[in-house]
Amino acid sequence: MSFQKATDLLRLAEIATSRYQGVTLSDIEETFSVDRRTAQRMTRALEDTFPNCITRVGEDRRKFWKLKPDDARLMLAQGIRDSELAALELSIRRAEREGLPTEARSLAVLRDRLLAAMPGVLARRAEADAEADAGSAWLRLASGARVRVSADLMGVIGTALKGPHVLTVVYAGGRDPDRARRLEPHGLLLGTRRYLVAREAGGNGRMQHYRLDRITSVRLEPDSFARAPDFDLSAHSARAFGSFHADEEFGEVVWRFAPKAAATAREFLFHPAQTLTEEEDGSLTVRFASAGHLEMAWHLYS
C-alpha cells in the first residue's frame, strides 16, 4: 500500500468514527474525489484493517460503515496535526474579529480539549507549530463574498509560503498572459478577491498582486529564497480598504457621520488604524489612511 493510500485509509477511519451513523460510499466519493469503484475498494480496506468495523443498511437502502471510538486506537494514535490545529486557531481569531465571542470560546474549548488528549511533548510541539502558522505574517483574512479558488492551488501556495519556495506561475493577466513567471511569494490577501503578494525572482523587488482566480497553472520549485526583511503584510494590507491596492490613490480618508448615524458608526471598525473624534454637535469624524475609494463607497452605501 502506498503512503497516500495509507493516509486516506486513516482519514476514512476518522470519518467512520466521528459520524454518528457512519460513512457511505457517496460520502467517500465526495470527500476523496474518487469514483464508486475506488470508494468500494476503500471500504473493503477499512473492513480488513479494522475487524470491528460495523456495517448496516439504512431505511433509504444506503450502506453505512461505522467504527466505534474504542475500536479505532490506531486512528486515535495519530494525535492532532499542526496544520489542523492552525486551522482551528485561525477560526478562533476570525470569530473574535467578527464579534462572535460565544463561537470563539467554544472553539477555544475544543482546541484545549484536543490538546489535553495528546501526550505532553506532542501537544506542546503541535501547539507551537500551529501558533507559528496561524500567527504567521503571510496570511490576512477578510470577510465578505469571495471568488472561488481551487483548493489545490491554495495548497501549493501555502506550501511555498511556509518554505519559502519559489513558484512558477502562468498568469492570465497583464501584458504577457502566457509568460511563465518565477515568483517569490510573501503573503496572501483573502477578501472579496484573493491575491498572492509576491515579487518576481531576479526583478526589481517591487511587490505585485496576483489574483488567484487568474493563475492558470502553478508549480512549486525546490529552490528557496530570502524574504524581504522590511516587508510587513499587516502594514501592506492596511494600505487598502478592501482588496484594491493603488499607490496613487493612497492617502488620508476623513468621514463625517451625522449625529443620527454616529451611534451606528461607532459600532464599526472601518480600518485597523482609524481614529475617532466626537464633535460638539454629536457627529462623529473617522480618520485613517488607505486606498480603495470605490470599495469605501460601496461599504458605506450598504
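The values are calculated or read from the model by the stated rules, or taken from the named source; none is laboratory data. Keep in mind it's a predicted model, so treat the numbers as computed, not measured. Glycine also receives a Cβ, built like all others from the backbone with ideal geometry; neighbour counts cover every protein chain displayed. Quick note on the areas: whole protein, heavy atoms, side chains included, nothing else; ligands and nucleic acids left out. Shrake-Rupley method; radii C 1.70, N 1.55, O 1.52, S 1.80 Å.
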*Identity of the residue in the stretch 2-31, charged (D, E, K, R) and closer than 12 Å to residue 46 by Cα, that ends up most open to solvent (accessible area, probe 1.4 Å)*: 5
*asked:* Is it the case, given these coordinates, that residue 44 is open to solvent by 90 Å² or more (accessible area, probe 1.4 Å) and either acidic (Asp, Glu) or touching a residue at least 24 places away in the same chain (Cβ under 8 Å) (or both)?
replied: no
_Give me the residue from the stretch 67-95 that is modelled with pLDDT of 75 or more and among the charged types (D, E, K, R) and, out of that set, surrounded by the fewest Cβ atoms within 10 Å (Cβ to Cβ)._
68
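If we scan the stretch 166-177, do we find a residue that is part of a strand (DSSP E or B), closer than 25 Å to residue 292 by Cα and open to solvent by less than 30 Å² (accessible area, probe 1.4 Å)?
Yes, the stretch 166-177 contains a residue that is part of a strand (DSSP E or B), closer than 25 Å to residue 292 by Cα and open to solvent by less than 30 Å² (accessible area, probe 1.4 Å).
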*Matching helices (runs of 4 or more DSSP H) fully within the stretch 1-49 where at least 1 residues are basic (Lys, Arg) and modelled with pLDDT under 90*: 3-18
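Report whether or not residue 153 is surrounded by 16 or more Cβ atoms within 10 Å (Cβ to Cβ), part of a helix (DSSP H, G or I) and modelled with pLDDT under 85.
Against the criterion (surrounded by 16 or more Cβ atoms within 10 Å (Cβ to Cβ), part of a helix (DSSP H, G or I) and modelled with pLDDT under 85), residue 153 qualifies.
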*Criterion (aromatic (Phe, Trp, Tyr) and within 17 Å of residue 295 (Cβ to Cβ)) met by exactly one of 244, 231, 257*: 244
*What are the pairs, 6+ residues apart or on separate chains, where a residue within the stretch 265-276 that is of a type in the set (Gly, Ala, Ser) has its Cβ under 8 Å from a residue that is assigned to a strand (DSSP E or B) and surrounded by 11 or more Cβ atoms within 10 Å (Cβ to Cβ)?*
265/255; 265/257; 265/284; 265/286; 273/288; 273/289
*asked:* Of the residues 245, 293, only one is over 25 Å from the mean Cα position of the chain (by Cα) and closer than 20 Å to residue 209 by Cα; which?
replied: 293
